[in-house]
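Enquirer: Once you've had a glance at the structure underneath, I'll fire off some questions.
The values are calculated or read from the model by the stated rules, or taken from the named source; none is laboratory data. Computed from a predicted model, the values in this text were never measured in an experiment. Cβ coordinates were reconstructed from backbone atoms using ideal geometry, including for glycine residues, and neighbour counts include every protein chain displayed. Side chains included, ligands, DNA and RNA excluded: accessible areas come from the protein's heavy atoms. Shrake-Rupley method; radii C 1.70, N 1.55, O 1.52, S 1.80 Å.
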Amino acid sequence: QKEVEQDPGPLSVPEGAIVSLNCTYSNSAFQYFMWYRQYSRKGPELLMYTYSSGNKEDGRFTAQVDKSSKYISLFIRDSQPSDSATYLCAMSARGGTSYGKLTFGQGTILTVHP
Amino acid sequence: DAGVTQSPTHLIKTRGQQVTLRCSPKSGHDTVSWYQQALGQGPQFIFQYYEEEERQRGNFPDRFSGHQFPNYSSELNVNALLLGDSALYLCASSLDGGNIQYFGAGTRLSVL
């Protein structure tokens, strides 16, 4: 079993829809939770990060962490065609041997069509 | 503010050869981490360099080695290339070995 599981999709939604992207994890030491966006043939771009539990909002993006369920989500409101990309969740521990080592999900391919 | 830069953007090598990839971290960052991303997969951690030393290592053979220079830039070396080494190699920079990492555009390595 992988430490981080992410549905690869693909996910196709109409412009303006609310998108929900999710990851589950098994390592209870994970404390940092990141979401990256990766356009085709480009490097991952850091969208948001959260430490420990709770919600964080940035414009049209909201990140949620539920540590009790080992489940994280990224919501995109009013989705745009320019949001079409692969979305990667990544996690890391606060300290110990996993500090500084990001563990990624497989990535979810999102297409927003006009 | 210069972001993470990697060179070259694309390389083609044959099996058994050796390759060196280069990375300059984001301005103000002192830590470089390297990842391998196979097609359709998330990046896999190779190792991290901080204060010119390998601080952490993922599950990669010792054919993969690296170096960090006093100016914080880094190199990734891969010896005895295998077909399975074909991937996008990503460099990420952070501060003080931290978890908030910013990625470069990557080097696409093709092994024939």
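Enquirer: Does B:Gln6 fit the bill of being open to solvent by less than 60 Å² (accessible area, probe 1.4 Å) and either away from chain A (no Cβ under 13 Å) or within 22 Å of A:Thr97 (Cβ to Cβ) (or both)? I'd like the intermediate steps shown before the answer.
Expert: Numbers: open to solvent by less than 60 Å² (accessible area, probe 1.4 Å): yes; either away from chain A (no Cβ under 13 Å) or within 22 Å of A:Thr97 (Cβ to Cβ) (or both): no.
Judged against the criteria, B:Gln6 is not a match.
Enquirer: Then there is this: Hey, can you tell me all the residues within the stretch A:99-114 that are at the interface with chain B (Cβ under 8 Å from one of its Cβ atoms) and open to solvent by 10 Å² or more (accessible area, probe 1.4 Å)?
Expert: Scanning the stretch A:99-114 gives A:Tyr99, A:Lys101, A:Thr103, A:Phe104, A:Gln106.
Results for (1) buried (at least 18 other Cβ atoms within 10 Å of the Cβ); (2) within 12 Å of another protein chain (Cβ to nearest Cβ); (3) touching a residue at least 60 places away in the same chain (Cβ under 8 Å), shown as yes or no for each residue.
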site: A:Thr24; (1), (2), (3): no, no, no
site: A:Asn27; (1), (2), (3): no, no, yes
site: A:Gly43; (1), (2), (3): yes, yes, no
site: A:Asn55; (1), (2), (3): no, no, no
site: A:Ser79; (1), (2), (3): yes, no, yes
site: A:Arg94; (1), (2), (3): no, yes, yes
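Enquirer: I've got another one for you. Consider B:Ser65 against the criteria (1) open to solvent by 10 Å² or more (accessible area, probe 1.4 Å); (2) of a type in the set (S, T, N, Q); (3) within 10 Å of chain A (Cβ to nearest Cβ); (4) assigned to a strand (DSSP E or B): it satisfies all of them except one. Which criterion is unmet?
Expert: Only one criterion is unmet by B:Ser65, namely (3).
Enquirer: Related question: Examine the stretch A:11-18 for a residue that is at pLDDT below 95 and either more than 28 Å from B:Gly106 (Cβ to Cβ) or surrounded by 13 or more Cβ atoms within 10 Å (Cβ to Cβ) (or both), and state whether such a residue exists.
Expert: No, because not a single residue in the stretch A:11-18 is at pLDDT below 95 and either more than 28 Å from B:Gly106 (Cβ to Cβ) or surrounded by 13 or more Cβ atoms within 10 Å (Cβ to Cβ) (or both).
Enquirer: Among the residues of the stretch B:68-93 satisfying the criterion of being under 17 Å from B:Ala38 (Cα atoms) and away from chain A (no Cβ under 14 Å), which is surrounded by the fewest Cβ atoms within 10 Å (Cβ to Cβ)?
Expert: The extreme case among them is B:Gly84.
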